[in-house]
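Written out below as structure tokens is the structure these notes cover.
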Amino acid sequence: MSHPLTAPLAPFVEALPVPRRLVAAVHEGRLTVRMRPGTHRFHRDLPESTIWGYDGTVPGPTIEAERGQPVTVEWRNELDGPLPVVVTVAPHAADADGVPVQCVPGLSGGTADRKAPALAGHTVVHLHGGLTPAVYDGWAENLFAPGQAAVFHYPMHQRAALLWYHDHVMGVTKLDVYAGLAGLWIVRDDHERGLGLPEGPPFEVPLLIQDRNFDVDEQGRLIGRLVHKTDPEVMEAFPPFTVVNGKVWPVLDVRPATYRVRAINGSNARTYRLVLLRDGAPELERITQIGTDHGLLRTPAPVPADGLLLAPAERADLLVDFSDLAPGSELTVLNTAAAPFDGTGFQAADAESVADVEGLLPYPEVLRFRVAGDAVRRRSIPRELATDYEPPASRALARARRRAIALVERELDDEPNMLTMRELAVAADGDEDGRLVTVTDGDETTRYRVVAAHFEDTTTFFPVLGEYEVWQLINLTGDTHPIHLHLDPFQILARRPIRYEIPPGGIGDRDLAASINLERGPDDELNHAIDDNERGLNDTVRVNPNELVEIAVRFTTYSGRYMYHCHILEHEDRDMMRPFVTMPAALMSFMA
Ligand SMILES: [Cu+2]
């Protein structure tokens with residue numbers, strides 16, 4: 001049931017900001033970025049908010065690098081406490097009017113968490129999507145304190161792509177990123193330049209999409225203070241206000257031309273399904289997707305008929321054609337994805353009526369484009385884009401090491417649920433001791449035992465550099481999880497429906513009993529398809545409920561200790577994260 005809410009802020013009244021560009025070549029590849037407290041106005045009608053930002057801004061500067069030209073960043077931690085976010089768990093999931101508390105500003109009767117202000121601003125920076133040596137990858141426990149600095153070297157031996165840098169501190173990434181510690185990083189190269197795609201303003205527009213909530217005063221008026229609010233039923237924050245490049249519901253004036261829009265979901269937990277509307281009707285055919293997380297697709301792809309799905313950390317490189325539009329035309333981007341997202345579809349044609357507080361989507365507005373100015377010659381879209389990768393050969397995959405990971409939500413009394421990744425190893429013959437996971441594919445059944453469940457458990461994944469691996473991500477929860485691997489990108493091989501049973505008490509602290517069948521359940525309405533716009537090089541993949549996703553990954557260049565995790569920040573902070581160690585082949589036989 002839908003309760004329309006009246007938005008307390010006017011949509012589409014403020015210009016979309018474009019983050020300051022920090023072009024590495026201009027600084028001979030040596031940059032200094034200061035993490036500082038700052039003030040930021042998220043909307044014309046809001047007071048200033050205190051934030052933590054890279055160079056004191058939200059978002060941080062967009063760093064632009066060139067393939068093959070290393071960049072060194074001195075990340076200087078000049079934060080001083082307290083954390084500029086009020087953290088609260090509201091006592092009830094809905095208010096007296098039955099409206100979910102996450103849809104409204106303020107603390108909703110919650111008390112401010114007293115531990116959060118004590119966070120003194122320890123940080124660590126991760127370049128998401130970077131092919132980065134392990135020592136500079138931003139291990140979640142290698143922190144530096146206010147007054148300290150870290151000098152990280154980024155080789156940039158990687159294809160052109162939109163990356164992003166953000167805080168990655170163990171247990172509080174959700175708060176540090178929410179406070180503002182995120183920025184974009186664009187890698188460019190000659191191949192991409194040869195295609196004549198827009199580069200830089202005004203026709204290349206980066207969009208960092210996030211959601212935020214704010215506190216209210218005693219009269220119920222919005223004040224700028226950032227609020228991270230959860231409730232007893234939903235342990236992720238799904239704030240009501242969509243913020244693009246730091247502004248709530250901005251508007252961008254565009255000329256009648258082709259624009260390159262580089263979108264990234266930088267929200268803590270919310271998945272967006274973006275629909276472009278004119279006069280209430282979808283015009284998704286204006287959008288052509290040319291790239292994914294790690295850069296160009298082989299060929300352009302349409303976005304799915306329902307809209308462009310972006311789970312946290314996913315990126316899309318898009319060409320949007322406004323060239324036939326008269327000045328004064330307006331196109332609006334709406335989000336049709338309910339939260340928590342579980343893969344359920346929604347027809348683009350119904351987007352204008354999608355507002356739904358039960359789905360924690362009181363305001364579907366994201367952004368508006370307003371056509372103004374003179375026409376510019378329309379760009380044709382190259383039919384061939386990337387030529388530097390192919391789907392992995394079946395011969396290479398036949399030999400590949402296979403790994404299986406179950407995604408599990410464990411309910412606890414009086415505490416938020418624990419989300420863990422259960423690394424599975426094939427059980428020994430004769431291992432009959434009850435707690436096993438069986439995966440049945442036709443008449444073949446594989447029996448697994450859990451070998452690791454928590455971040456601090458012993459490392460069990462030691463991928464060999466240069467060799468393909470096939471990872472199976474098996475979702476045994478009710479929500480979609482965007483799983484992110486650090487270091488090299490992967491390709492999605494399959495999305496397969498599963499049905500499974502977990503016996504009562506089957507999810508233990510470390511063990512797991514489950515029987516999984518690779519077949520569709522009777523009530524499963526998801527299509528479990530790989531969309532054309534997912535057939536690229538990715539570092540984050542949505543794993544939907546009742547689904548096993550198979551990816552092929554080959555770590556190539558750097559050996560060391562890295563992480564993979566769910567990119568819902570409230571999940572990775574609650575243990576949905578595990579290490580892996582990449583090793584050169586010659587060393588493997590010397591491992592004890
Ligand atoms: Cu998750």
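The values are calculated or read from the model by the stated rules, or taken from the named source; none is laboratory data. Keep in mind it's a predicted model, so treat the numbers as computed, not measured. Virtual Cβ from ideal backbone geometry, glycine too; neighbours counted across all protein chains shown. Remember, those area values only see protein heavy atoms, side chains included, never the ligands or the DNA or RNA. Shrake-Rupley method; radii C 1.70, N 1.55, O 1.52, S 1.80 Å.
With a 10 Å radius around each residue's Cβ, average the other Cβ atoms per peptide and rank 554-565, 257-268, 8-19, highest first.
Answer by packing, highest mean first, reads 257-268, 554-565, 8-19.
If contacts are Cα pairs under 8 angstrom and at least 6 residues apart, what is the relative contact order of the chain in percent?
This gives 14 percent for the chain.
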Check your understanding: Which whole-Hz ³J(HN,Hα) couplings does region 74-86 yield from phi under the Karplus relation 6.51 cos²θ - 1.76 cosθ + 1.60, θ = phi - 60°, glycine and proline marked x?
Key -> 8, 8, 9, 8, 10, 6, 9, x, x, 3, x, 9, 7
Revision key, fill the gap. Residue-normalised value, i.e. accessible area per residue, for region 54-172 at 1.4 Å probe, in Å², stands at 36
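Treating only the Cβ of Lys, Arg, Asp and Glu as charged (+1, +1, -1, -1), what charge dipole size does region 1-160 show about its Cα centre? Round to the nearest 20 debye.
On the way: 12 positive and 15 negative charges, 56 e Å.
So the magnitude is around 260 debye.
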Check your understanding: Given H placed 1.01 Å from N in the peptide plane, which residues other than close sequence neighbours of PHE241 have an amide H under 5 Å from its amide H?
Key -> ARG212
Study note, to complete from the structure: For region 1-153, averaging the sequence separation of alpha carbon pairs under 8 Å that lie six or more residues apart and dividing by its residue count, the contact order in percent is 22
Check your understanding: Amide H to amide H, which residues 5 or more places from PHE461 or on other chains are under 5 Å from it, using H placed in the peptide plane?
Key -> VAL581
Point to revise | Net dipole in debye of the chain [+1 Lys, Arg Cβ; -1 Asp, Glu Cβ; about Cα centre; nearest 20] | key: 1940
**Study point:** Karplus 3J(HN,Hα) series, Hz, for region 342-349 with 6.51 cos²θ - 1.76 cosθ + 1.60 (x for Gly, Pro)
**Key:** 10, x, 4, x, 7, 5, 4, 5
Point to revise | Of all accessible heavy-atom area on region 472-519, the percent that carbon and sulfur account for (1.4 Å) | key: 44
Check your understanding: Separation of region 1-80 and region 402-431 by C-alpha centroid, Å?
Key -> 37
Review point. Can you list the HN-Hα couplings for region 566-579, worked out from phi with the Karplus curve (6.51, -1.76, 1.60; θ = phi - 60°), rounded to whole Hz and with x for Gly and Pro?
Key: 6, 8, 6, 5, 5, 7, 5, 6, 10, 5, 8, 7, 9, x
Review point. Quick one: putting +1 on the C-beta of Lys and Arg, -1 on the C-beta of Asp and Glu, what dipole do you get for region 359-459 around its Cα centre, in Debye to the nearest 20?
Key: 1120
Check your understanding: Which far-off residues, 5 or more places away or on another chain, put their amide H under 5 Å from the one on PHE555, with H placed in the peptide plane?
Key -> GLY466, GLU467
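Highest mean first, what order results for 123-133, 394-404, 97-107 on Cβ atoms within 10 Å? Display every interim value, and only then the final one.
On the way: 123-133: 23.4, 394-404: 13.0, 97-107: 19.9.
Taking the mean over residues of other Cβ atoms within 10 Å, the ranking is 123-133, 97-107, 394-404.
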Study note, to complete from the structure: Scoring only Lys, Arg, Asp and Glu (+1, +1, -1, -1) among other residues with Cβ under 9 Å from the Cβ of GLU78 yields +2
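Which peptide among 433-439, 226-232, 72-78 comes first, and what is the full order, when sorted by highest mean count of other Cβ atoms within 10 Å?
Numbers: 433-439: 16.4, 226-232: 21.3, 72-78: 18.7.
Per-residue mean Cβ counts within 10 Å order the peptides as 226-232, 72-78, 433-439.
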